[in-house]
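The values are calculated or read from the model by the stated rules, or taken from the named source; none is laboratory data. Treat the numbers as computed from the prediction; the structure is a model and nothing was measured. So basically every Cβ, Gly included, is an ideal-geometry build from the backbone, and we count neighbours across all protein chains shown.
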Amino acid sequence: MLCWGNAQDGQLGAGVERNAVLEPRNCHVFSGRGLKEIACGWQHSMFLLRDGSVYTCGSNSCGQLGHDKPGASPELVVALDTQKITMVSSGRAHCVAINEQGQVFAWGAGEGGQLGLGTTETVVRIPRLLKRLCDHQISQVMCGNQHCIALSRDGQLFTWGQNTSGQLGLGKGEPSKLFPHPLKSLAGIPLAQITAGGDHSFALSLSGAVFGWGKNRAGQLGLNDKQDRPVPCHIKFLRSQKVVYISCGDEHTAALTKDGGLFTFGDGSWGQLGHGSTNNELLPRRVLELMGTEVSQIACGRHHTLAFVPSSGIVYAFGCNSYGQLGTGILEDASSPFPACYTNPSKVLDNWWCLVDGNVFTRMVDMYKSIVVFMLTGGKTLLVPMFYENYFLATLSLLEKLHKVSTAGHLLLTRNYNMYKVYLNHFLFSLQSDFPSVNLCAYPFILNAQAKTTMLQTDAELQMQMAVSGANLHNVLMLLTLEPHLARNPYLVLHVRRNRLVSDTLRELTMYSDVDLKKPLKVIFDGEEAVDAGGVTKEFFLLLLKELMDPVYGMFTHYNESNLLWFSDKCFVEQNWFHLIGIICGLAIYNSTVVDLHFPLVLYKKLLGVSPTLEDFKELSPTEARSLQQLLDYEGSDVEETFLLKQINDLYVYLLCVCVCVYVCVFFRNEFVEAYLRYVFSDSVSEQYSAFSSGFLKVCGGEILSLFQPSELMAMVVGNNNYNWEEMEKNAVYKGEYTATHPTVRLFWEVFHEFPLEKKKQFLLFLTGSDRIPIHGMESMRIIIQSTTAEEHYLPVAHTCYNLLDMPRYQTKDILRRRLTQAVEQYEGFSLV
């Protein structure tokens, strides 16, 4: 337990210490005893232990400690010793507690009726049972300055005490109440949380709706005015923010959202709103200095606010600091979040890195990167092997922390960590010596997408070599045993007919084992002479996937708005067809072939175990996703009429089961949207996706795949469309009589650059077997243009295996354009030239 702030009356439980504690200090009084909860009043504190016992310390001027012992150190409230207390709360000078049966006990100042005992006794020193609530099992109770609010387990709300500003919510002109009174205006709304400020109150529904009432002098109700409210009012501004927790100060309020955002409003005269000023805020306003971090807990004091960020382990504080209650070490108010409490020295470093200037951050990245490069090259000759590995791992760990800070703080690194070639040389060196090798695969952020792709392709080639070697060894043994008929083909050979492509492929793949799928792929089209050196395989993938995606099979649903495909929940084929597509996609990656698949990013997320989100649905079906977003943002209660939710299909029935009924969406909209996404992406197509993923992972599963981000995996499968035609011309290679300055070559590039984009893509398809660019970029794709002795009336011939174009020496631009256009429009089929 850490404590800081005013200790004048012993409220910190630090013994005889009476001076203000300006920085968080360890308090060991409950060490090992299981501290569960702390509640602070104006000058006293309550401590609830896991065994249900209650301790108090601080001022006892109104009997708020519940015992007559000195308040310098926490002392047991003996009157509650026979009870197992589950919750405590403190007001200005009074206390309440709930036992496990849901009974409420109160003590302390009672002049405003805040104890609910039916009297206005100034001092009640012994906890008393609130008999008026004995028929209700209370689950939550909160104290304001001189009023209380309680929530029962069956959802009923009760208030009592002072009502000078309408803080009881019972209606205009209602006097203060000495007994608990039901607050009927919120009846029927399932509530998740209640809380109380100085003279105002809040309730939060299960759906995230926020209701406030009471004093509003500084705008602490967030209603854009300063009028008090005697009844609960819906805070519409917070309706779309997904609020999950609310905390109140004397005249200010803080709201925590599901995504870790913090909104504050009300009195800002001490800086307690954290907006860098002392202005009041009549509407909830996000604390911008905490954007980019995820706050998990908040708490408001009388004039200050605390927020905890678990990723950094830091408690931020802002507001009044006249007694050191911010824990910053100085007696100076703070109008912006300031780190007050560090839970982990390592997290302190992370926090500092989050705050440094971008240029400084980049220099640190470059410095540690240069150390890694040095360790991979010259460092291994200068350091003792034992120390070398320790230093190397320490440097990589620091780079990993920088990477996490960069991701959390949305700082973009100016340079990619592409150390693949340096690491490869280091790895080869370690194989030839006794020097230790460090596995960079444990630090995937070091490698960019191109390097990861190279590693996966290298791994695939090694597995292919092992499969080929295993087959060759088996064949040698068969020859020695005079059983050559049991010989195995070192390649995965598929014999297919163009007019029976799908059925032939299914037949061929069922003949092979999982081990055979690791062999190099060779495709033979029936009746065609070409030997597959890569080009035939490219066309095989192209034609097969084109046929499998044909709407006639109903395997996939085509979304016209995005031109993307997703698994259909009503298909007419067997599951092994989806398994086949998975195998084909895996074989494409395994054989370094780019394929044309119109799947959204969410498919690759699922393959890597990343959960889909509404953003993924926006990519697939923008209009539907926009409707769901509007449903989340809608402030009205007429959801069914507005969004036309009618029972028209299986999806509705499914959602009906999840949400009980359409009307429940008023309070459970988040759950409704989550169920909708789960239906689209998972439940409705679970069998189809499972078959696909099992086929894909059968070929491409392994640890290296886990290095990839979903976007990187997608780029590796389908390539990209970052065309740079000038780069392609620059990297072109010429053979025979051709050079870059040859007249025919110049004519060719003039014609090519005049082609529209679709025609250029068609030329790529004609020459390379794909109109997409590999993940390594245009610079990795080298085309070869070779002269031939053929006459001008012959067409150019493409050898897709080698990206080689045989082109006659055309004399005019017009002839070249006509022959090239005719060639690229008739690219299907293979024959020997």
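A few notes on this one:
- Selection count, the range 300-333, where residues are surrounded by fewer than 23 Cβ atoms within 10 Å (Cβ to Cβ), touching a helix residue (DSSP H, G or I) at 6+ places or on another chain (Cβ under 9 Å) and of a type in the set (Ser, Thr, Tyr): 1
- Restricted to the range 169-185, and to residues there that are free of Cβ contacts under 8 Å to residues at least 60 places away in the same chain and closer than 26 Å to Asn99 by Cα, the residue that is surrounded by the most Cβ atoms within 10 Å (Cβ to Cβ) is Leu183.
- Of all residues in the range 27-48 being over 21 Å from Asn145 (Cα atoms) and under 35 Å from the mean Cα position of the chain (by Cα), the one that is surrounded by the fewest Cβ atoms within 10 Å (Cβ to Cβ): Gly34
- Tallying residues that are over 17 Å from Phe211 (Cα atoms) and among the small types (Gly, Ala, Ser) within the range 246-287 yields 8.
- Residue that is closer than 27 Å to Thr122 by Cβ and modelled with pLDDT under 90, where the choices are Pro74, Pro70: Pro70
- The range 280-299, residues that are crowded, with 20+ Cβ neighbours inside 10 Å and in a loop (DSSP other than H, G, I, E, B): Val287, Thr293, Val295
- Criterion applied to Gly212, Gly266, Gly222, Gly261 was being without any contact (Cβ under 8 Å) to a residue 40 or more places away in the chain and buried (at least 18 other Cβ atoms within 10 Å of the Cβ), and the one residue passing it is Gly261.
- Matching residues in the range 225-237 - criterion: being buried (at least 18 other Cβ atoms within 10 Å of the Cβ) and assigned to a helix (DSSP H, G or I): Phe237
The rows are residues; the columns are (1) in contact with a Cys (Cβ under 8 Å, 6 or more places away or on another chain); (2) of a type in the set (Lys, Arg).
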position: Gly582; (1), (2): no, no
position: Ser592; (1), (2): no, no
position: Val595; (1), (2): yes, no
position: Phe599; (1), (2): no, no
position: Tyr604; (1), (2): no, no
position: Leu608; (1), (2): no, no
position: Thr613; (1), (2): no, no
position: Lys618; (1), (2): no, yes
position: Ser621; (1), (2): no, no
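For every residue, the table says whether it meets (1) in contact with a His (Cβ under 9 Å, 6 or more places away or on another chain); (2) among the basic types (Lys, Arg); (3) assigned to a loop (DSSP other than H, G, I, E, B); (4) closer than 20 Å to Val536 by Cβ.
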{"position": "Leu747", "(1), (2), (3), (4)": "no, no, no, no"}
{"position": "His753", "(1), (2), (3), (4)": "no, no, no, no"}
{"position": "Leu765", "(1), (2), (3), (4)": "no, no, no, yes"}
{"position": "Glu779", "(1), (2), (3), (4)": "no, no, no, no"}
{"position": "Thr789", "(1), (2), (3), (4)": "no, no, yes, no"}
{"position": "Leu795", "(1), (2), (3), (4)": "no, no, yes, yes"}
{"position": "Ala798", "(1), (2), (3), (4)": "no, no, no, yes"}
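- Residue in the range 337-359 that is among the polar types (S, T, N, Q), modelled with pLDDT of 85 or more and either buried (at least 16 other Cβ atoms within 10 Å of the Cβ) or in a strand (DSSP E or B) (or both) present: no
- In the range 719-733 there is at least one residue matching the filter, namely being under 19 Å from Arg819 (Cβ atoms), touching a residue at least 12 places away in the same chain (Cβ under 8 Å), touching a Lys or Arg at 6+ places or on another chain (Cβ under 8 Å) and not assigned by TED's automatic domain parsing to the domain that holds Glu574.
- Filtered by the rule that a residue be assigned to a loop (DSSP other than H, G, I, E, B) and over 14 Å from Asp154 (Cβ atoms), the range 184-198 gives Gly197, Gly198.
- Filter result for Val231 (under 27 Å from Pro339 (Cα atoms) and β-branched (Val, Ile, Thr)): no
- Just one of the listed residues (Ser277, Ser240, Ser269) is polar (S, T, N, Q), part of a loop (DSSP other than H, G, I, E, B) and in contact with a helix residue (DSSP H, G or I) (Cβ under 6 Å, 6 or more places away or on another chain), namely Ser240.
- Some residue of the range 238-246 being surrounded by fewer than 18 Cβ atoms within 10 Å (Cβ to Cβ) and among the β-branched types (Val, Ile, Thr): yes
- Cross-chain or 6+ apart pairs with Cβ under 6 Å, the range 736-747 first and assigned by TED's automatic domain parsing to the domain that holds Ala790 and of a type in the set (Ser, Thr, Tyr), then part of a loop (DSSP other than H, G, I, E, B) and modelled with pLDDT of 90 or more: Thr744/Arg809; Thr744/Tyr810
- Screening the range 55-141 for strands (runs of 3 or more DSSP E) wholly inside it with 3 or more residues that are buried (at least 19 other Cβ atoms within 10 Å of the Cβ) and touching a residue at least 40 places away in the same chain (Cβ under 8 Å) returns the ranges 85-90, 94-99, 104-109.
- Looking across the range 518-540, the residues that are at pLDDT 80 or above and outside any loop (DSSP other than H, G, I, E, B) come down to Leu521, Lys522, Val523, Ile524, Phe525, Phe540.
- Filter result for the condition that a residue is at pLDDT below 90, crowded, with 19+ Cβ neighbours inside 10 Å and of a type outside the set (Lys, Arg), over Leu832, Leu820, Leu765, Leu757: Leu765
- Restricting Ser207, Ser165, Ser201 to residues that are of a type in the set (Ser, Thr, Tyr) and not in a loop (DSSP other than H, G, I, E, B) narrows the list to Ser201.
- Hey, Ile149 surrounded by 15 or more Cβ atoms within 10 Å (Cβ to Cβ), part of a strand (DSSP E or B) and either modelled with pLDDT under 95 or assigned by TED's automatic domain parsing to the domain that holds Val88 (or both) or not: yes
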